[in-house]
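What follows is a set of notes on a single structure, which appears directly below.
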Amino acid sequence: MAVSGWFVALVAIGIAPIVVFADARALTGWLVLVIALAVLDLALAGSPRSVTLSREVPHRVRLGESVQSVLTITNKGRRDIRGIVRDGWQPSAGALPTRAPVSVPAAERRAITTTLTPFRRGERRAAHVTIRSFGPLGLLARQATIAEPSVIRVLPPFNARKHLPSRLARLRELDGATSVQLRGAGTEFDSLREYVRGDDVRSIDWRATARRPSGGNGQHLMVKTWRPERDRRVVIVIDSGRTSAARIANEPRIDTAFESSLLLAALATRAGDRVDTLIYDRRIRGRVQGATGAEMLTLMVNSMAPVQPELIEMDWSVVPALVSSVTSHRALVVLMTSVDAPGASRGLLSVLPQLTRKHLVVVASVTDPDIVAATRSRANRSEVYRAAAAERALLDTSRVSSAIRQLGADVVTGTPELLPPAVADRYIALKRAGRL
C-alpha cells in the first residue's frame with residue numbers, strides 16, 4: 001500500500017476544526033471520515049497483481065547511443081488500473097522516464113516506452129517492474145513489484161572508427177592500389193611491368209627483360225613491383241589488471257585500449273593480416289582467434305563488452321606462453337598497458353626479452369593530458385608543487401619508455417583521443433618499412 005499527497009493534505013486539513021472550534025473531537029471525527037474514504041478508495045483500486053507484463057528491448061547497443069524499451073501491460077482484472085509504473089532498470093542504463101503514468105482499462109493493454117542511453121559498458125539489467133494502482137479518489141494505492149527480467153549488452157562505442165577511412169587510404173597508397181606518384185613499398189613480389197621514367201633501376205628484372213621479345217623500338221626493360229606483405233600475424237594483448245581501471249580524461253584506460261585495438265584490428269584485417277586478441281590479467285577474460293573481416297570486429301566488441309578491470313596485478317610472466325599458444329610464427333605483438341611508474345612496469349620489462357627475441361613488439365599506453373597541463377601552471381605555491389609532481393610523473397614515463405626501447409620493443413603513447421590513431425599509424429609505418 002502507498003499513501004498519496006492528497007491523503008496527507010486531507011489529514012492536515014483536520015487541524016482547522018481544532019483552531020475554529022477548539023474541540024479535539026472535531027479532529028477525531030475528521031480523521032475517521034478521511035480513513036473511511038481512503039479504505040473505500042483502496043477497495044475500488046485495481047489490483048496490480050492481476051496484470052501480465054512483457055518487455056521488448058534490443059539485445060545490444062553501443063555505448064552512448066539510445067534505444068527504446070517497450071513494456072506492455074495487460075490488465076486481466078475486473079477493475080481499471082490508474083497509477084504509476086516504474087520500470088526497474090539499473091541507473092547505469094540511463095532509463096528515461098524513470099516513472100510513467102498509466103491507465104489500463106480492464107481486459108485491455110497499454111505500452112510504455114522507455115528510452116535507454118547507457119553510460120557504462122557491460123550488461124545492463126532490469127529485474128522487475130513496480131506498479132502503483134490508485135483508487136478513484138487518488139488517496140491510497142495498491143503497490144506490487146513483479147519480476148520481469150531483461151538484459152541489454154552495451155558494446156564499446158568504437159569512436160575511433162572515424163580515423164579508419166584516412167588510414168585505409170594510406171594503406172591503399174602503400175599497396176599501390178590508387179593512382180599516386182609514389183610506388184607502393186613492400187618486400188613481397190607482386191608483378192612485372194615495363195620500366196617508366198622515375199622507377200628505381202634496382203627493380204629491373206634483367207632475366208625477364210631478356211625473355212621479352214624486342215619490338216620495333218628496341219628492347220623494353222621490365223621491372224618488378226612489390227606490395228606490402230600479407231597474411232602476417234598481429235596479436236593484441238590487453239591488460240585488464242588494476243592499472244587499467246584508472247580514468248584518464250573521464251574514460252577508463254581499458255576503454256581506450258579497446259578503442260585502439262578495434263581500430264588496429266579493422267585496419268590490419270583490411271590489409272590482409274590475421275588478428276588475434278587476448279584480454280588478460282591473471283586469467284583470460286576474453287579471446288578472439290581465427291576470425292576475419294566483419295565477423296572479427298563483431299566478436300571483439302562482444303567479448304570486450306562485459307569485461308571490467310580487476311583490482312589485481314597483471315601477471316606478465318604468462319604472456320609469452322599465451323602469445324606462443326596463438327602463433328608459432330613471427331608476429332606483431334601489441335601490448336595495451338600502462339608505462340607510468342617503474343615499479344608497476346617491472347613485470348612488463350622482465351618478459352620483454354622473451355617476446356622481442358622472436359616477435360616485433362609495440363607497447364601502447366595512454367597518457368593523462370591533465371599531467372601535461374599541470375606542468376605549465378605555476379602561479380602559486382600549490383601549483384608549483386603540483387607542477388613538480390607532474391614533471392616527476394612524466395620523467396618516470398620517459399624512463400620506462402627508454403627501458404622498453406632498450407629491450408628491443410617500441411612504445412606508442414597518446415591521450416585517449418590520440419592513442420588509437422597513433423597505434424594505427426605505427427602499424428602503417430611498420431608495413432611501409434617492410435618490418436611486418
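Projected onto its three principal axes, the C-alpha set of the chain covers 123, 64, 41 Å, listed from the longest axis down. Angle of helix 346-356 to the longest C-alpha principal axis of the chain, folded into 0 to 90 degrees and rounded to 10: 40°. The GluC sites (Glu not before Pro) of region 281-336 that DSSP puts in a loop, and whose beta carbon has at most 14 other beta carbons within 10 Å, are Glu313.
Among Ser328, Ser203, Ser345, the largest mean-square fluctuation in a Gaussian network model of the chain (Cα springs under 10 Å) belongs to Ser203. Relative to the longest principal axis of the Cα atoms of the chain, the long axis of helix 24-44 lies at roughly 50 degrees. Nearest 5 is fine: what % of DSSP beta bridges in the chain come out antiparallel, could you say? Expressed as a percentage, antiparallel bridges in the chain total about 70.
Dipole magnitude for region 1-155: about 580 debye, using +1 per Lys or Arg Cβ and -1 per Asp or Glu Cβ, origin at the Cα centre. For Lys76, a cut-off of 13 angstrom between C-alpha atoms picks up these aspartates and glutamates, skipping any fewer than 8 places away in its own chain: Glu108.
Distant-in-sequence amide contacts of Val334, defined by a placed amide H-H separation under 5 Å and a gap of 5 or more residues or a different chain, comprise Val235, Ile236, Val237, Val362.
Helix 164-175 axis versus longest C-alpha principal axis of the chain: approximately 10°, rounded to the nearest ten.
Within the set Lys162/Lys431; Lys162/Lys358; Lys358/Lys431, which residue pairs have Cα atoms separated by over 28 Å? Where the Cα-Cα span goes over 28 Å, the pairs concerned are Lys162/Lys358.
Of Leu40, Leu155, Leu348, the residue with the greatest mean-square motion in the GNM of the chain, using alpha carbon springs below 10 Å, is Leu40. Region 88-158 and region 1-38 have Cα centres separated by 34 Å.
D for region 1-155, whole µm²/s, Stokes-Einstein with Kirkwood Rh over alpha-carbon pairs at 20 °C and 1.002 mPa s: what number?
The Stokes-Einstein estimate is 123 µm²/s.
Simple rule: put +1 on each Lys or Arg Cβ and -1 on each Asp or Glu Cβ in the chain, find the dipole, and look at Pro97, Pro165, Ala344; the Cα lying farthest toward the positive end is Pro165.
Read-outs: derived from the displayed coordinates by stated rules, not from any lab. Everything quoted here is computed from the prediction, not taken from an experiment. Note that each Cβ is placed from the backbone with ideal geometry, even for glycine, and that neighbours are counted across all protein chains shown.
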